[in-house]
Structure formats: structure tokens, C-alpha cells
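The values are calculated or read from the model by the stated rules, or taken from the named source; none is laboratory data. It should be emphasised that the depicted structure is a prediction, and the values quoted were computed from it without experimental measurement. Using ideal geometry, Cβ is built from the backbone for each residue, glycine included, and neighbour counts are taken over all protein chains shown.
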Amino acid sequence: MKITNVRACQPIAANSPPDWRTSMGQILIAVDTDVGLTGYGVGGGGLAGVHVARTVLRDVLLDRDPEQIDALWRRMYDVTLPFGQKGLAIMAISGADLALWDLRGKAANLPVAALLGGQTGQPIPTYVTVWDDLDAAIEAGFTAFKLHVEHHAEGGVIENVCRAVATARRQIGPDCQLMIDAWMRWDVATTLAIAERVAPDRLEWIEEPLPADDAPGYERLTSQCRIPIAGGEHEFTFSGFRPLIDRRLHQTLQPDVCWCGGLSELIKIYHHAQQAGLRVCPHRGAEVWGLHAIAALDHQPLAESGRPWMTWILDQPQIDGGSVSLSHTPGFGIQIDENSLPTQ
């Protein structure tokens with residue numbers, strides 16, 4: 001089997017939000033082969049990522065054996081090293097790597113989870129990410145909730161966040177899981193003050209309270225904060241995650257498989273974190289790309305709700321009553337509506 005073409009585009013659904021998720025967001029990479037199989041993967045980087053995939057990555061992958069995933073990942077990384085290492089180039093590599101894994105599953109007539117030693121069809125618990133209104137999520141049957149609180153700054157961030165957390169806990173009751181996401185908006189003092197106030201509300205974690213590159217700050221938090229710290233959504237590759245794990249800068253690691261280097265890197269992150277006794281809870285884990293890894297590798301599975309505007313992905317597993325299951329379809333188990341994709 002040989003790769004005959006690498007195609008990339010930025011599908012934009014009518015209901016996608018007008019922010020970085022669109023301008024620097026999801027891209028689709030398709031890897032075609034001479035046996036009629038096509039593998040699909042979702043990466044990031046918007047039109048810049050599309051350009052990297054159509055030029056640099058295509059040149060690397062063309063005429064190669066798609067089964068040689070590890071070697072191809074290394075070649076893609078090496079050739080983008082002068083302008084990559086983190087960010088847009090790695091986001092593009094992520095999509096190509098996922099497309100290669102999709103091809104491997106299709107060629108073996110197995111789901112990707114099975115390739116990793118896992119099973120499909122089992123219910124996997126999920127949590128839903130919301131901004132303010134929990135009513136719809138409660139009605140949908142979720143029992144785990146993450147509240148975005150980075151916008152609670154006007155008029156006093158500490159008071160507003162503590163009030164929002166207390167209100168959410170009353171709404172969901174004492175037995176449901178509750179997390180908060182600050183999206184890199186706080187400092188150490190603010191985080192410690194909020195954690196002290198909301199500790200009675202029993203949060204599972206505080207997510208990304210500091211900028212992603214503030215290693216000294218995270219070191220202080222993991223040693224002083226009463227609530228576990230989560231992060232890693234904006235980190236890239238196993239090389240980037242290794243110091244987070246070795247220095248124990250987060251208690252829960254949250255790599256995004258569509259951004260961090262693909263499934264090949266997510267597997268390494270999982271193994272190293274588990275050896276260190278740390279939890280991995282992939283960003284957007286209920287989307288099919290991360291869900292196969294969760295089904296196969298996770299001892300404490302919990303999948304985050306995904307992006308509803310990615311309507312060009314068909315057969316995406318649906319969350320029902322707070323859980324989600326993978327189908328037995330080979331590869332990642334999805335189809336792409338290519339007729340709806342942009343042609344530029």
C-alpha cells in the first residue's frame with residue numbers, strides 16, 4: 001500500500017463560532033492510497049495548517065507506506081523542525097498522523113481502539129463543558145460538569161467565580177462531579193484564593209488557571225493548592241508533556257489529540273503519565289479521535305464533550321444520558337461528507 005495523495009482543507013460549518021476555532025481551528029486531512037482506501041484525520045492551524053499539510057507534509061508522505069506511522073511521524077517532525085516544534089505545524093502533523101491511524105484500522109478491518117488493545121461498544125462516562133446555563137446539560141442526563149469561569153472577571157474575579165461555583169454546585173447536587181476552567185486568565189495568588197473559598201464545593205480540578213508556559217507558577221500551585229490542577233490543552237508533543245509529567249506540574253493532563261501531535265504522541269503521553277501516577281483526560285475526548293485512545297488506554301475514563309459545529313464529520317459517536325460508546329466500524333469509524341467540503 002502506497003500513499004498517492006495528501007489533501008487538506010478547512011471545513012467551516014454554518015454554526016461554527018467566529019473566533020480562533022474558525023480562524024486557527026479545525027482542518028481536515030485526507031490521505032489517499034493506491035488500494036482505494038482513504039484515511040481521515042482532524043488537525044488544527046486553520047489555513048496555515050492547510051498550507052503546511054498540502055506542501056511540506058504531502059512531500060514527506062507521498063509514495064510512502066502508510067503503515068510506517070512512527071517513521072513517518074518522525075520525518076514530518078524533522079522537516080518542520082525549523083518552524084515547528086509547537087503550534088501550527090504540530091497541529092497539522094496531528095491531522096496527518098490521525099489519518100494514518102485511520103488507514104491502519106481500515107486496512108486491518110479493525111477499529112483503532114482494537115489496534116491499541118481496547119474494546120468498542122462499552123459506555124464511557126463523559127462530562128459536559130458549559131459557560132453559564134447548566135439546565136440543558138442536567139436535563140440531558142450528564143452527571144459531570146465543567147464550568148468555564150474565565151469571563152467572571154468584571155467586578156471582582158474571586159467573588160464572581162466563587163459565586164458561580166456555589167450556584168453550580170446547588171444546581172447539580174452533592175453527588176455530581178464539578179470542575180472549573182479559567183482558560184489561563186489568573187495568577188497564582190488568585191488561584192489559591194479561589195481554591196480556598198470553593199474547597200467546600202468539592203471540585204475535581206481547576207483547569208489552566210495560569211498561562212501555559214508558567215512552569216514556576218504551576219509548580220507552586222501543585223504544592224500549595226487545595227484543589228488538583230489540570231492542564232496541557234495548549235501543550236504540544238510528548239517532548240512538551242514530559243517535563244509537565246516529570247515535574248508533576250499538573251495532576252491531570254489534558255492533551256488534545258488533534259493538536260498535540262496526533263494519536264502517536266497521545267499514546268506516549270498516556271504511558272508516561274500513568275507510570276508517574278498521573279491522570280490523563282484528553283481535551284474534547286468524546287470526539288472520535290481521542291475516544292479510541294480513552295477506550296483502550298484509560299484506567300479512569302472520562303471524556304469531555306466535543307464541538308457540535310463539526311457537522312461535516314458523519315457518524316460521530318453521540319453522547320446519550322451522560323455516556324458515549326464507540327462503534328465497531330474499522331478505523332476511527334466515521335465518514336466525511338466530501339461534497340460539503342471547500343475545494344480551494
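For region 90-106, state whether one or more residues are surrounded by fewer than 18 Cβ atoms within 10 Å (Cβ to Cβ), under 22 Å from L297 (Cα atoms), among the acidic types (D, E) and outside the structural domain of G262 (by TED's automatic domain parsing).
For region 90-106, residues surrounded by fewer than 18 Cβ atoms within 10 Å (Cβ to Cβ), under 22 Å from L297 (Cα atoms), among the acidic types (D, E) and outside the structural domain of G262 (by TED's automatic domain parsing): absent.
Take the conditions assigned by TED's automatic domain parsing to the domain that holds K106, of a type outside the set (D, E) and either without any contact (Cβ under 8 Å) to a residue 12 or more places away in the chain or surrounded by fewer than 18 Cβ atoms within 10 Å (Cβ to Cβ) (or both) and apply them to G36. Does it pass?
yes
Out of everything in region 187-211 that is in contact with a Lys or Arg (Cβ under 8 Å, 6 or more places away or on another chain) and part of a helix (DSSP H, G or I), what residue ends up being farthest from C176 (Cα to Cα)?
That would be V188.
Working carefully through the options T120, T167, find the one that is of a type in the set (V, I, T) and either in contact (Cβ under 8 Å) with a residue 60 or more places away in the chain or closer than 27 Å to T33 by Cα (or both).
It is T120.
Pick out the one residue from A140, A164, A114, A153 that is of a type outside the set (D, E, K, R) and within 20 Å of G322 (Cβ to Cβ).
Among A140, A164, A114, A153, only A140 is of a type outside the set (D, E, K, R) and within 20 Å of G322 (Cβ to Cβ).
How many of the residues in region 279-315 are closer than 26 Å to Q10 by Cα, free of Cβ contacts under 8 Å to residues at least 40 places away in the same chain and surrounded by fewer than 22 Cβ atoms within 10 Å (Cβ to Cβ)?
2
Within region 150-168, take every residue that is part of a helix (DSSP H, G or I) and charged (D, E, K, R) and give me the one that is farthest from W186 (Cα to Cα).
Within region 150-168, the match that is farthest from W186 (Cα to Cα) is R163.
Among the listed residues L81, L103, which satisfies the condition of being of a type in the set (A, V, I, L, M), out of contact with any Asp or Glu (no Cβ under 9 Å at 6 or more places or on another chain) and under 30 Å from V52 (Cβ atoms)?
Just a single option satisfies the conditions, and that option is L81.
Being closer than 30 Å to K86 by Cβ, assigned by TED's automatic domain parsing to the domain that holds P308 and touching a residue at least 24 places away in the same chain (Cβ under 8 Å) is true for just one of P216, P228. Which residue is that?
Matching residue, one of P216, P228: P228.
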